[in-house]
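The values are calculated or read from the model by the stated rules, or taken from the named source; none is laboratory data. Please read all numbers here as calculations on a predicted model, not as lab measurements. Cβ placement follows ideal geometry from the backbone for every residue including glycine, while neighbour counts extend to all protein chains displayed. To get the accessible areas, we keep the full protein, side chains included, count just its heavy atoms, and leave off ligands, DNA and RNA. Shrake-Rupley method; radii C 1.70, N 1.55, O 1.52, S 1.80 Å.
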Amino acid sequence: REGELLFVSPSYCKTFDKTQDELLGKKFIPLVHEEDKDAVAKTLDKVHRPPYTGHVEERAMTKDGWRWQSWANTAVLDEENEVESIVAVGRDINNQKQAEKTLVESEKKHREMIANISDVIGILDIDGTIKYKSPNIKKWFDWRPEDLVGTDGWETVHPDDLDRVQTEFFTLLKKENSTTTVEYRYKCKDGSYKMIELTAVNLLKDSIVSGILINYHDITERKRAEEDKKRLQTQLHQAQK
């Protein structure tokens, strides 16, 4: 079922930089990249059963090196409904695959970068509903993005800070591209609170973000240090009296 090449088009010959005489009678699978041979073999096996069709993407060694190709395969049946041959229509998808690879690598790099920065990135809808949370929220606040996406963003704000934060938020909505920064207590998954500094930008009319873009980070230690410094200054002042 590996199948010999019974006919090849001129464009196919050009792709492989070979003549028809060099290709006709040759097995197809040996021309395929080692990592793709199983997928090709399974597809050919599938074509031998109803509905006698199969699609596969594979790399083949061409005159320009290994290139990705997409093949739509359809069986030709004899009078006894046995597979007599297979018609394979292929097209070069190498550029598409390279673009996909670049995108995957870019997304991986982006995820790794986000995972190792201290700022959590999020997007809120106009009513405060959470549309997106970056994965690194797990590292800093123990939430998973799926725990929060679709929920009311106000639920993570300490009740005593809620009015102040909402005032900043609704003021932000009044002007496109406006920015605000606010400090408040943020609820972690275990119910505890951490002090954060959050910056928000009104990008509701941005075609990509279409919401309020926020980024925030834990400033608990900074605030504690500020309080300690203030306390020491007070003690020093009292001691000097």
In whole Hz, the Karplus estimates of ³J(HN,Hα) for segment 133-148 (6.51, -1.76, 1.60; θ = phi - 60°; x where Gly or Pro) are 9, 6, x, 5, 4, 4, 5, 9, 10, 6, 7, 9, x, 5, 5, 10
Quick calc, the chain, dipole around Cα centre from Cβ unit charges on Lys, Arg (+) and Asp, Glu (-), nearest 20 debye, gives 1260
In Å², rounded to a whole number, the accessible area per residue of the chain with probe 1.4 Å is 64
Ranking Ser9, Ala41, Leu31 by how far each Cα lies towards the positive end of the charge dipole of segment 3-43 (+1 on Lys and Arg Cβ, -1 on Asp and Glu Cβ), the top one is Ser9
Computed for segment 46-97: size of charge dipole around the Cα centre, +1 on C-beta of each Lys and Arg, -1 on C-beta of each Asp and Glu, debye to nearest 20, value 500
Rounded to 0.05, the calculated FRET efficiency for the beta carbons of Arg91 and Glu146 at R₀ = 41 Å is 0.60
Any lysines whose Cα falls less than 23 Å from that of Lys138, other than same-chain ones fewer than 8 residues away, would be Lys108, Lys109, Lys187, Lys189, Lys194, Lys223
Whole-Hz Karplus couplings 3J(HN,Hα) for segment 196-212, θ = phi - 60° and coefficients 6.51, -1.76, 1.60, Gly and Pro as x, run 10, 10, 10, 10, 10, 10, 7, 10, 4, 8, 6, 5, 8, 6, 6, x, 9
Lys pairs in segment 16-83 with Cα under 25 Å (8 or more apart in sequence, or on separate chains) total 14
With every protein chain in place, the accessible area of Trp154 for a 1.4 Å probe, in Å² rounded to the nearest 10, comes to 40
In whole µm²/s, the translational diffusion coefficient that Stokes-Einstein assigns to the chain, given a Kirkwood hydrodynamic radius over C-alpha pairs, 4 °C and 1.567 mPa s, equals 55
Projecting the Cα atoms of His110, Trp66, Thr156 onto the charge dipole of the chain, where Lys and Arg contribute +1 and Asp and Glu -1 at Cβ, the residue farthest towards the positive end is Thr156
Sorted by chain and then number, the residues having a modelled amide H within less than 5 Å of the amide H of Met195, at least 5 places away or on another chain, are Tyr186, Ile219, Thr220
Counting Lys and Arg as +1 and Asp and Glu as -1 over every other residue whose Cβ sits under 11 Å from the Cβ of Thr129, the net charge comes to -3
Filtered hits (lysines, Cα-Cα < 17 Å from Lys131, offset >= 8 within chain) -> Lys205
The extension gain from Arg224 to Ser9, computed as 0.36 nm times the residue separation minus the Cα-Cα distance, is 69.9 nm
Using the Cα gyration tensor of segment 14-55, the equivalent ellipsoid's semi-axes, largest first and to the nearest Å, work out to 23, 13, 8
Residue-normalised 222 nm signal for the chain, counting each DSSP H run of n ≥ 4 as -39,500 (n - 2.57), nearest 500 deg cm²/dmol, is -10500 deg cm²/dmol
Reported to the nearest 10 Å², Leu24 has, with a 1.4 Å probe, an accessible area equal to 60
Charge tally for neighbours of Leu77 with beta carbon under 12 Å away, counting Lys, Arg as +1 and Asp, Glu as -1, is -4
Of every hundred units of 1.4 Å-probe accessible area on segment 86-241, the number belonging to carbon and sulfur atoms, as a percent, is 52
